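What follows is one structure encoded as structure tokens, with my remarks underneath.
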Amino acid sequence: MIKVFSFFFTALLFVYAQKQQTLVDIYLIGDSTMSTYPDNYYPRMGWGQVFHTSFKTDKVRVNNEAVSGRSTKSYIEEGLWEKVYNNLKKGDFVFIQFGHNDMVESKEHLYAPPFGAYTDNLHTLIVQTREKGAKPVLITPMCRRRFDKDGNFQVTMGQYPVAMRVLAERENVPLIDLHKLSCQKFRELGVDKTKDIFLWLSAGESAKYPERVEDNTHFQEQGALLLSKLVAQEIKRLQLGIAPYLKEEMLNTSD
């Protein structure tokens, strides 16, 4: 009896070990447009907060390590990247999206010029990710919501998306052009419908935000889900190794 129990126990340990070995970790690093917020911040949400819902299997684990208010510069200098780096293993993915805070020239601890420190810092993240046998994926910073007085959509983020595209091509890194995709989507939705996905709230609509809010950078849940879906669709298009684990509804482009 003891021998039979021992056999089954060993078999269970083997199966568990196999599952652990095949688990792919996705690490998301970026800023407030990607980060996870406490429940009392609802309805404000980053797209990384809901990204785990894109996958249909326990073979993928999403670790959202994005932190609000960070740039490539501060994320590295504060040791946030070191924490992620130390946990990386072969076969993992690192999704890298920065730019919104890199462009704040008035804050020295954040500012990183697009064709200078910004791409240098991104290059460091790429090299160190590859050192661990993990796979970097660059994601251009999504558009802010901006329309002129005539309702024409205005593209934002300056040269940061351009700089990331150039770096991705030079370093042969998969690129999810979320800037281009989000600009297209926000233009299609128009002035009023984009208010439903960004953090636009009437006074008293939310206990967390008792005053009127007109935030053209951060999302409500609907916006977070939309951006997450755009990223998932690009994973499929690029045929990244985690593409087979995506839920079918994430790949529906009719929405």
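The values are calculated or read from the model by the stated rules, or taken from the named source; none is laboratory data. Here the structure is a predicted model, which is why all the values come from computation and not from measurement. In this analysis, Cβ positions are derived from the backbone assuming ideal geometry, glycine residues included, and neighbour counts consider all displayed protein chains. Surface areas here come from the heavy atoms of the whole protein model, side chains and all, with no ligands, DNA or RNA. Shrake-Rupley method; radii C 1.70, N 1.55, O 1.52, S 1.80 Å.
With the cut-off at 1.5 for a/c, could you classify region 47-160 from its C-alpha gyration tensor as rounded, prolate or oblate?
Note, shape of region 47-160 comes out oblate.
Solvent-accessible area of D192, probe 1.4 Å, all protein chains present, reported in Å² to the nearest ten, please.
Surface open to solvent at D192 totals about 110 Å².
Between the DSSP loop rule and a limit of at most 14 other Cβ atoms within 10 Å, which GluC sites (Glu not before Pro) in region 159-218 are left?
E205, E211
Ordered by residue, what ³J(HN,Hα) values in Hz, to whole numbers, does region 43-55 give under the Karplus form 6.51 cos²θ - 1.76 cosθ + 1.60, where θ = phi - 60° and Gly and Pro are x?
Those phi angles translate into x, 5, 8, x, 5, x, 5, 10, 4, 4, 6, 6, 10 Hz.
Please give, to one decimal in nm, the separation of the simple spin-label points placed at E131 and K59, each 7 Å out from Cα toward the Cβ.
With each label placed 7 Å out from Cα toward Cβ, I get 3.0 nm.
Mind giving me the nanometre distance, one decimal, between the label points for H123 and E249, set 7 Å out from Cα along Cα→Cβ?
Using points 7 Å along Cα→Cβ, the separation is 4.4 nm.
Using the Cα centre of region 180-251 as the reference point, and only Cβ charges (+1 on K/R, -1 on D/E), how large is the resulting charge dipole? Debye, rounded to the nearest 20.
Roughly 320 debye, rounded to the nearest 20.
For Cα pairs less than 8 Å apart in space and 6+ apart in sequence, what is the mean separation divided by the residue count of region 50-151, i.e. the relative contact order in percent?
31
For region 62-168, run through the GluC sites (Glu not before Pro) and keep only the ones in DSSP coil with at most 13 other Cβ atoms within 10 Å of their Cβ.
Those satisfying the criteria are E78, E105, E108.
Which lysines, on any chain, are close to K195 with Cα under 23 Å apart, when same-chain ones fewer than 8 places away are left out?
K149, K180, K185, K208, K229
May I ask for the angle, rounded to the nearest 10°, between helix 178-195 and the longest principal axis of the chain, with both axes built from Cα atoms and the value confined to 0 to 90°?
So the inclination is approximately 60 degrees.
Quick query: amide H of Y27 versus all other amide H atoms, modeled in the peptide plane; which residues come in under 5 Å with a sequence gap of 5 or more or a different chain?
When sequence neighbours closer than 5 places are left aside, the close amide H contacts are N63, F93, V94, F95.
Looking at A203, M142, L181, which one has the Cα that reaches farthest to the positive end of the dipole of region 98-255 (charges on Cβ: Lys, Arg +1; Asp, Glu -1)?
Positive-most Cα among the choices belongs to L181.
With +1 on each Lys and Arg Cβ and -1 on each Asp and Glu Cβ, how big is the dipole of region 110-195 about its Cα centre, in debye rounded to the nearest 20?
Result for region 110-195 is approximately 280 debye, rounded to the nearest 20.
May I ask you to give the average projected area over all directions of the convex hull of the Cα atoms of region 144-255, in nm² rounded to one decimal?
Spelled out: convex hull of the Cα atoms, projected over all directions, averaged, 8.8 nm².
Positive end of the dipole of region 174-245, charges at C-beta (+1 Lys, Arg; -1 Asp, Glu), about the Cα centre: which of P244, T194, A224 has its Cα farthest in that direction?
Positive-most Cα among the choices belongs to P244.
Between K193 and S68, what is the spin-label point distance in nm, taking each point 7 Å from the Cα along the Cα→C-beta axis?
2.9
Which angle between 0 and 90 degrees, to the nearest 10, do you get for helix 119-131 versus the longest principal axis of the chain when only C-alpha atoms count?
Relative to the chain, helix 119-131 is tipped by roughly 10 degrees.
Identify the trypsin sites (Lys or Arg not before Pro) of region 130-178 meeting these criteria: DSSP loop state and at most 11 other C-beta atoms within 10 Å of the C-beta.
Passing both the DSSP loop test and the Cβ count: K149.
Given axes a ≥ b ≥ c from the Cα gyration tensor, I'd like to know whether the chain is rounded (a/c under 1.5), prolate (a/b larger than b/c) or oblate.
Prolate, since a/c reaches 1.5 and a/b exceeds b/c.
What is the magnitude of the charge dipole of the chain about its Cα centre, with +1 placed on the Cβ of each Lys and Arg, -1 on the Cβ of each Asp and Glu, and no other charges, expressed in debye to the nearest 20?
Magnitude of the dipole: close to 800 debye.
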